[in-house]
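Step one of this worksheet: look at the structure below.
The values are calculated or read from the model by the stated rules, or taken from the named source; none is laboratory data. These figures come from a predicted structure and were not determined experimentally. Positions of Cβ are backbone-derived with ideal geometry, glycine not excepted, and every protein chain shown enters the neighbour counts.
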Amino acid sequence: MGETPCTGAALEVRGLTRAFGMRKALDDVSFDLPDGAFLSIFGPNGAGKTTLVKVLTTLLNPSAGTAKVCGLDVVKDAVDLRHRIGLISHNPLLYPDLTAEENLLFFAEMYGVPDSEDRVRELLESVELDHRRLDLTRTFSRGMLQRLSIARALLHHPEILFLDEPYSGLDPHAMDILDALISQIRGDHTFVMISHDLTKGLELCSHSLILAGGRVVLFDEKTALDEGAFRETYRSTVGMGVA
């Protein structure tokens, strides 16, 4: 599509605040994430994790502060930014009365994906749904919908992939498919993943972020982390036991 690839910081977040009435879901959040990194975001329910991802993916405007994704402002450059990111969330963002193939072709047209039929076929094979390509998605299980959602998010070769609990609802085989996909494409994307699973999140990440009460408790590179100390910080911050 002719965009300039990300160089330097994939994310630049400065004093980011998002309020809902009197409650601040995000409160003065600041950090930088380099291009090509894999950020795992941890924290309890209500910590602000999903709100942060919604702001970074232009689904919510900040109340204060700024955020740039691949050098584009999430408010001023929202339209351009949407062509450069992919989102996998709890909502699969699929049309239930279209087939798997029709859903992907529809989104491919929206994004102007070249050779869309070949790209759709490639992705359906990657998520092992090619045998169900002509079935309506309302007949799909939760795990199958999540796998198709992953294909949808990858259609336009986004530079940054946002994953909000992507393993939720997946059976072990589907989890293996997602692991294999991430491993296959990791060198081509920056990843931002929300996870309640410390083991999986730490396994995948190059950088980690703990949010609590809308504030950054910890942000660091994985290589600088002591895993035991990290888990203790998480445990003491969120008041939860972790295995």
Could you tell me whether segment 59-67 includes any residue that is surrounded by fewer than 20 Cβ atoms within 10 Å (Cβ to Cβ), under 25 Å from Leu155 (Cβ atoms) and of a type outside the set (Phe, Trp, Tyr)? yes
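I need the full set of residues from segment 79-125 which are in a helix (DSSP H, G or I) and among the small types (Gly, Ala, Ser), in order please.
The answer is Ala100, Ala108, Ser116.
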Test set (1) exposed (fewer than 14 other Cβ atoms within 10 Å of the Cβ); (2) without any contact (Cβ under 8 Å) to a residue 12 or more places away in the chain; (3) within 26 Å of Lys54 (Cα to Cα) - Phe106 fails condition number: (1)
All positions within segment 117-139 that are of a type outside the set (D, E, K, R) and either surrounded by fewer than 18 Cβ atoms within 10 Å (Cβ to Cβ) or modelled with pLDDT under 95 (or both): Ser126, Val127, His131, Leu134, Leu136, Thr139
Just checking, how many residues over segment 9-47 are among the hydrophobic types (A, V, I, L, M, F, W, C), out of contact with any Pro (no Cβ under 8 Å at 6 or more places or on another chain) and in a strand (DSSP E or B)? 12
What pairs can you find where one residue is in segment 75-86 and more than 18 Å from Thr190 (Cβ to Cβ), the other is surrounded by 15 or more Cβ atoms within 10 Å (Cβ to Cβ), and their Cβ atoms are less than 7 Å apart, with a gap of 6+ or different chains? Ala78/Thr58
When segment 68-102 is checked residue by residue, the ones that are surrounded by fewer than 18 Cβ atoms within 10 Å (Cβ to Cβ) and β-branched (Val, Ile, Thr) are Val75, Val79, Thr99
